[in-house]
Amino acid sequence: MRDISALTLDNLLFRMDEDGIATVTLNRAAKRNALNAETIEELVEVFSALPASGARAVVLRAEGPHFCAGLDLVEHGREERSPAEFMRICLRWHEAFNKIEYGGVPVIAALKGAVVGGGLELASSVHIRVMDETTYFGLPEGQRGLFTGGGATIRVPRLIGQARMVDMMLTGRLYSGDEAVQVGLAQYRVADSEAMAYDLARRVAQNTPLSNFAACSAISHMQNMSGLDAAYAESMVAGIVNTQDAAKGRLDSFAQGTAQKIKPGEAG
């Protein structure tokens, strides 16, 4: 695996501060940050390298007024790919977004403007989504004679349900404002999505890395299991995470703080 500092990136920007807060920026503002094949490969490379980079949390943001307008339709039309060729492209999208969801490092998306098509597929792979007042969500593939190929059928129904996703694809329905939060497309709606994304990143970076890894990877894996298998896996993960030295220290501190707040005669 290549060191993240050695990567050559043309469509993304990457930086990490001294606290381990990494920033990954979609850097194709002139294309509304549409995802071409090169950008997908860069996402695979960056999010493959991130877990070993020392990053404690990641903010995924975008240059320009839009987060991501989805598939680069100009490239798609120009390449005239065969069905087999486009299937392989889709598999690379899945690889990129799986690296984000299952990588074990918390990823927080600062959303704005268009989050449509493949942009929604990208956003749905992160762990926390923060939208601003300009953000709108859509899946226009159905009205364009297309079908989702980057994981929307897997992740979007988990967020909003199958019926809402089908409605978005068939009718072009858009979600924005409070309604987008209410249906589950974002967890937060604020005036400045980037500022809040960084606040959340700094907060979750204070957690132990192993606890964050479990929350950002194990939960997703367990959703793919039967109830019986998930119960077993959850017990195994809890056995590992809850007996780490860092967890014991935090529990001791919490218990002592709680005990100090309990007045004599209140316990039991």
For the stretch 172-210, what are the residues that are over 25 Å from Pro157 (Cα atoms) and hydroxyl-bearing (Ser, Thr, Tyr)?
Tyr198, Thr208
In the stretch 141-159, the residues that are at pLDDT 95 or above and not in a loop (DSSP other than H, G, I, E, B)
Ala152, Thr153, Ile154, Arg155, Val156, Pro157, Arg158, Leu159
All positions within the stretch 222-232 that are exposed (fewer than 15 other Cβ atoms within 10 Å of the Cβ) and assigned to a helix (DSSP H, G or I):
Gln223, Gly227, Leu228, Asp229, Ala231, Tyr232
Confirm whether Met165 is over 30 Å from Ala230 (Cα atoms) and either in the same structural domain as Ser235 (by the TED database) or assigned to a helix (DSSP H, G or I) (or both).
no
Which one of the conditions (1) open to solvent by less than 60 Å² (accessible area, probe 1.4 Å); (2) farther than 28 Å from Phe213 by Cα does Ile108 fail to meet, given that it meets all the rest?
(2)
Options Phe86, Phe137: the member that is of a type in the set (Phe, Trp, Tyr), open to solvent by less than 10 Å² (accessible area, probe 1.4 Å) and in the same structural domain as Met16 (by the TED database):
Phe137
Every residue in the stretch 117-134 that is β-branched (Val, Ile, Thr), over 9 Å from the mean Cα position of the chain (by Cα) and open to solvent by 10 Å² or more (accessible area, probe 1.4 Å), please.
Thr134
Out of everything in the stretch 205-226 that is among the hydroxyl-bearing types (Ser, Thr, Tyr) and either without any contact (Cβ under 8 Å) to a residue 60 or more places away in the chain or not assigned by the TED database to the domain that holds Val241 (or both), what residue ends up being nearest to Ala22 (Cα to Cα)?
Thr208
Are any of the residues in the stretch 40-49 open to solvent by 30 Å² or more (accessible area, probe 1.4 Å) and either small (Gly, Ala, Ser) or outside the structural domain of Ala201 (by the TED database) (or both)?
no
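The values are calculated or read from the model by the stated rules, or taken from the named source; none is laboratory data. Everything quoted here is computed from the prediction, not taken from an experiment. Counting neighbours? That spans all protein chains shown, and the Cβs are built from the backbone with ideal geometry, glycine included. We work out accessible area using only protein heavy atoms, side chains counted, and drop any ligands, DNA or RNA first. Shrake-Rupley method; radii C 1.70, N 1.55, O 1.52, S 1.80 Å.
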